[in-house]
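Computed from the coordinates by the stated procedures, all read-outs in this text should not be read as laboratory data. Not measured: the values here are computed from a predicted model. All Cβ positions, even for glycine, are placed from backbone atoms using ideal geometry, and neighbour counts span all protein chains on display.
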Amino acid sequence: MVKKLLAALGLVALVAGPAQAQDYPTKTIKLIAPFAPGGSVDIVGRILAQKMTESLGQTVVVENKPGASGMIGADMVAKSAPDGYTLLVNSSIHVIVPSLFSKVPYNALEDLIAVGQATEVPMVMLTGANSRAKTVQDVIAWAKAEPGVAYASAGSGSSAHLAGEVFRKATGVTLTHIPYKGSGAAMADVIGGQVPLMFDALTAAMGHIQGNKMRALAVSSQQRSPILPDVPTFQELNMPQMNLSTWHGVWAPKGTPPAIVKKLNAEIARIVALPDVREKIKGLGGIPVGNTPEQFDAYQRAELAKWSRIVKESGAKVD
């Protein structure tokens, strides 16, 4: 009798999994972006949300939950019901914070399931359009003459913050880090001249560069960006340490049914393969990805090891 009952329960589970994915979604899906509006995470999240809304037949909304270098939003998702209705859209900071903070309220690799990677994006060194620094060499000379030149970032522990630390160590200059709650606020102050310098993902900065509000001094990719052909790479400037990139992806809470994860992954891959989305991502300086959950999980683990090395070598610490 017990064997028959267990067999019946197993059959129910097998049937329920595909049925759950087939019926999903039946209500609004929340994409939690753990940074303020205007940054690269918010931009990518809204691209995904719009296309998912069109194809899934349910509204997909982006909710910005900034703070604590993305940990507030990520923790919220990690502790949400594992039903596919609360998801995290984030950048490479997801695997950077474990190396920078002594207390992280969740396990980045275990409490959140890698659903799919949407982009890979070079980083860019930026000044305001009216800045006296017109080249990287100008920035180095400035920082040597006036130690402590400030640079802004999207937040403590972000890839933008660490890019500044790597640059500082590579050049021997002294810089002062000014963290913001997202790229938007940081860029506003750089544009306004309150802070002279920043590093960020090219996706977040392209609109301001094209609008002549910001000046791109160098990009972190191996080759020059097709949309910024006149901007040198750090590689050309003999700074291979600055060959850094950020990326964006989607995660779900641990325990989310595999069938739902698979369905969401297929959506992400489909969206980033759409011609208009590919052009939009490329126009922002990014590279569309769209890999499997397994590939994304392996990639984020390798990235965690890489950024952990960078944090250790740079000496950067937040707490």
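R0 = 41 Å: FRET efficiency of Gln194 with Ser102, Cβ-based, nearest 0.05? Kindly include the intermediate steps, with their values, before the conclusion.
Numbers: r = 31 Å, r/R0 = 0.76.
My answer for the efficiency is 0.85.
Below 29 Å, Cα to Cα, which lysines can Lys263 reach? Residues fewer than 8 away in the same chain don't count.
In chain and number order, the partners are Lys27, Lys30, Lys51, Lys65, Lys79, Lys254, Lys280, Lys282.
Contour minus end-to-end for Glu279 and Lys254, with contour as 0.36 nm per residue of separation and end-to-end as the Cα-Cα distance?
Details: separation 25, 0.36 × 25 = 9.00 nm, distance 3.29 nm.
Residue separation times 0.36 nm, minus the Cα-Cα distance, leaves 5.7 nm.
In whole Hz, with x marking every Gly and Pro, tabulate ³J(HN,Hα) for the range 249-255 from phi via Karplus 6.51 cos²θ - 1.76 cosθ + 1.60, θ = phi - 60°.
Rounded to whole hertz, the list is x, 10, 10, 10, x, 3, x.
Search the structure for amide H atoms under 5 Å from the amide H of Gly128, placed 1.01 Å from N in the peptide plane, and list their residues when 5 or more places away or on another chain.
Amide H neighbours of Gly128, under 5 Å, 5+ apart: Arg215.
List the GluC sites (Glu not before Pro) within the range 216-296 that fall in a DSSP loop (any state other than H, G, I, E or B) and whose Cβ has at most 15 other Cβ atoms within 10 Å.
Details: sites: Glu236, Glu267, Glu279, Glu294; in loops: Glu236.
Answer by residue number: Glu236.
Restricting to DSSP loop positions (anything but H, G, I, E, B) with no more than 14 other Cβ atoms inside 10 Å of their own Cβ, which trypsin sites (Lys or Arg not before Pro) remain in the range 39-131? Could the numbers behind the result be given before it?
Values: sites: Arg46, Lys51, Lys79, Lys103; in loops: Lys79, Lys103.
Here the trypsin sites (Lys or Arg not before Pro) that fit, given the DSSP loop and packing criteria, are Lys79, Lys103.
Please rank Asp200, Asp23, Asp138, Asp189, fewest neighbouring Cβ atoms within 10 Å first, as an exposure proxy.
Values: Asp200 28, Asp23 9, Asp138 14, Asp189 17.
Listing Asp200, Asp23, Asp138, Asp189 from fewest to most nearby Cβ atoms yields Asp23, Asp138, Asp189, Asp200.
Work through the residues other than Thr59 whose Cβ is under 10 Å from its Cβ and net out their charges, Lys, Arg +1 and Asp, Glu -1.
Numbers: positive: Lys27, Lys30; negative: none.
Net charge around Thr59: +2.
Using a cut-off of 13 Å between beta-carbons, work out the net charge of the residues near Glu236 (Lys and Arg +1, Asp and Glu -1, Glu236 not included).
Working: positive: Arg224; negative: Asp230.
Here the count lands on 0.
Taking a spot 7 Å from the Cα of Ala81 along the direction of its beta carbon, which residues of the range 41-58 have an amide N less than 20 Å from it?
Only 57-58 fall inside the zone, counting backbone N under 20 Å.
What fraction of the Cα pairs in the range 122-242, stated in percent, has a spacing above 16 angstrom? Working shown, then result.
Values: 3957 of 7260 pairs.
Tail of P(r) above 16 Å: 55 percent of Cα pairs.
Taking the alpha-carbon centroid of each part, what is the distance from the range 40-98 to the range 154-211 in angstrom?
With the range 40-98 and the range 154-211 each reduced to a Cα centre, they are spaced 22 Å.
Whole-Hz ³J(HN,Hα) for each residue in the range 132-144, computed from phi via Karplus 6.51 cos²θ - 1.76 cosθ + 1.60 with θ = phi - 60°, x for glycine and proline: what do you get?
Computed from phi, the couplings for the range 132-144 are 6, 8, 10, 9, 4, 4, 4, 5, 4, 4, 4, 5, 6 Hz.
For Lys181, enumerate residues with amide H under 5 Å from its amide H, sequence gap 5+ or separate chain, H modeled in the peptide plane.
Here the answer is none, since no amide H 5 or more places off falls under 5 Å of that of Lys181.
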